[in-house]
Amino acid sequence: MRAWLARRSRAGLPPPAPDVIRRELHWHLLPASTTPAASPLLLPVVLAEFATLAVLTWYMLALRSCRQCEAVIL
């Protein structure tokens with residue numbers, strides 16, 4: 001792909017349309033992908049990441065408010 005683009009840029013030609021790229025590189029002969037766009041594990045991973053960030057945020061807020069309370073008491 002990079003060599004093809006380098007040859008094309010040296011020739012001074014404008015960028016080709018996507019269908020021209022597919023045809024010249026013979027990508028139109030490849031079968032379509034049958035894998036789903038999103039993995040079934042994506043939602044649990046995103047939820048776990050959100051839960052972790054929420055716990056850390058609440059923990060940091062609790063620490064900051066606890067330190068502010070100590071400063072007022074002293």
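The values are calculated or read from the model by the stated rules, or taken from the named source; none is laboratory data. All figures in this text were calculated on a predicted structure; none of them were measured in a lab. When we count neighbours, we look across all protein chains shown, and the Cβ atoms used for this are built from the backbone with ideal geometry, even at glycine.
Structure notes:
- Filter result (within 26 Å of the chain's Cα centre (by Cα) and either assigned to a helix (DSSP H, G or I) or at positive phi (or both)) within region 12-27: Pro18, Asp19, Ile21, Arg22, Trp27
- Flag if Val20 is closer than 30 Å to Ala3 by Cα, surrounded by 10 or more Cβ atoms within 10 Å (Cβ to Cβ), modelled with pLDDT of 80 or more and of a type in the set (A, V, I, L, M, F, W, C): yes
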